Amino acid sequence: MELKIENLSKTYSNGVQALKNVTLTIPTGMFGLLGPNGAGKSTLMRTIATLQEADSGSILLDNLDVLKEKQEVRKTLGYLPQEFGVYPKVSAESLLDHFAILKGVANKKERKESVEALLQQTNLWDVRKKNLGTFSGGMKQRFGIAQALLGNPKLIIVDEPTAGLDPAERNRFHNLLSEIGENIIVILSTHIVEDVSDLCAHMAIINKGEVLVKGEPLKLMNALNGKIWKKMIEKSELASYKTMHNVISSRMYAGKSIIHVYSNTQPGTFETVEPSLEDVYFANITPHKEPVTV
Ligand code: ADP
């Protein structure tokens with residue numbers, strides 16, 4: 001199975017161009033769409049989920065025209081939006097049953113079976129009778145995945161799923177996603193680099209509506225071999241280093257700054273580092289004096 005997005009563009013009525021000629025081919029498995037806030041991720045996700053129109057371009061799910069055959073697409077699509085509202089006074093089991101009716105699972109026995117299976121799969125079986133208002137962030141996200149999985153979708157879209165989850169909840173959520181992602185297309189939209197490096201075999205980085213880089217995380221990291229350099233400096237030196245080098249990131253460590261610099265040749269007393277996906281991300285997102293080639 002394959003989702004093929006070609007030259008997709010969208011400008012909102014306020015003049016913001018949220019998508020600029022986006023072209024991506026997304027195979028079966030987990031695909032990470034990484035970008036900072038405002039990059040255009042949700043716009044792209046909502047367009048694939050048939051919830052909003054593009055101005056131009058095409059999206060094909062195998063032979064299905066996603067922008068035209070919306071009803072057909074919806075039958076095979078699961079969507080977990082960024083803001084997933086739940087009815088606080090309804091139990092997980094009842095709401096999931098209700099969503100199953102909306103998804104068109106009319107047969108009562110079939111519905112019961114699939115609701116039970118999904119509650120088990122998302123590890124919510126023990127709390128199925130509890131009202132959703134009592135659920136933690138992680139439990140709500142897992143409930144969101146359960147409803148997205150109703151009706152055996154071939155394509156699942158998850159928008160910023162781990163924001164606000166504690167590490168244990170995030171871990172549980174990652175395991176759940178990676179199980180699902182074995183046989184269907186799962187698109188994970190996120191601004192968190194580790195979500196992609198932990199889970200996704202394929203990825204793209206978008207910023208300001210444009211695809212900056214796409215490929216396999218490992219290959220993208222390898223392509224930066226020998227080009228990322230690090231140095232520990234005083235915090236007060238940061239501004240001057242930024243004027244001299246392509247500083248792609250800086251983080252605090254024991255009261256000092258560790259900077260990563262992108263350069264084809266060794267810049268003075270810097271040490272070489274093995275590139276991480278975070279380096280790939282920052283090397284592409286950060287404005288440079290010279291273009292980054294990966
Ligand atoms: P992301 O999900 O990566 O944070 P979005 O797709 O939400 O990005 O937003 C992309 C850009 O489009 C942002 O500049 C945002 O302010 C703008 N935008 C998003 N939705 C709307 C809208 N309904 N009307 C006008 N501008 C919007």
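The values are calculated or read from the model by the stated rules, or taken from the named source; none is laboratory data. It should be emphasised that the depicted structure is a prediction, and the values quoted were computed from it without experimental measurement. Cβ atoms come from the backbone with ideal geometry, glycine included; neighbour counts cover every protein chain shown. SASA here: full protein model, heavy atoms, side chains in, ligands and nucleic acids out. Shrake-Rupley method; radii C 1.70, N 1.55, O 1.52, S 1.80 Å.
Being modelled with pLDDT under 95, away from the ligand (no atom under 16 Å from the Cβ) and under 18 Å from Ile26 (Cβ atoms) narrows it down to one of Leu199, Leu220, so name that one.
Leu199
Quickly run through region 136-160 and pick out the residues that are open to solvent by less than 10 Å² (accessible area, probe 1.4 Å) and over 30 Å from Val66 (Cβ atoms).
Within region 136-160, Gly138 is the sole residue that qualifies.
Just need a number here: residues in region 24-42 that are among the hydroxyl-bearing types (Ser, Thr, Tyr) and closer than 20 Å to Tyr281 by Cβ.
Step one: list which residues in region 24-42 are among the hydroxyl-bearing types (Ser, Thr, Tyr), which gives 25, 28, 42.
Adding the requirement that they be closer than 20 Å to Tyr281 by Cβ leaves 42.
The total comes to 1.
Among residues belonging to region 74-113 that are of a type in the set (S, T, N, Q) and open to solvent by less than 40 Å² (accessible area, probe 1.4 Å), point out the one that is farthest from the ligand (Cβ to nearest atom).
Ser91
For region 11-40, enumerate the residues that are closer than 19 Å to Leu177 by Cα, within 9 Å of the ligand (Cβ to nearest atom) and open to solvent by 10 Å² or more (accessible area, probe 1.4 Å).
Matches in region 11-40: none.
Test each condition in (1) in contact with a Lys or Arg (Cβ under 8 Å, 6 or more places away or on another chain); (2) surrounded by fewer than 19 Cβ atoms within 10 Å (Cβ to Cβ) for Ile205 and report the one that comes out false.
(2)
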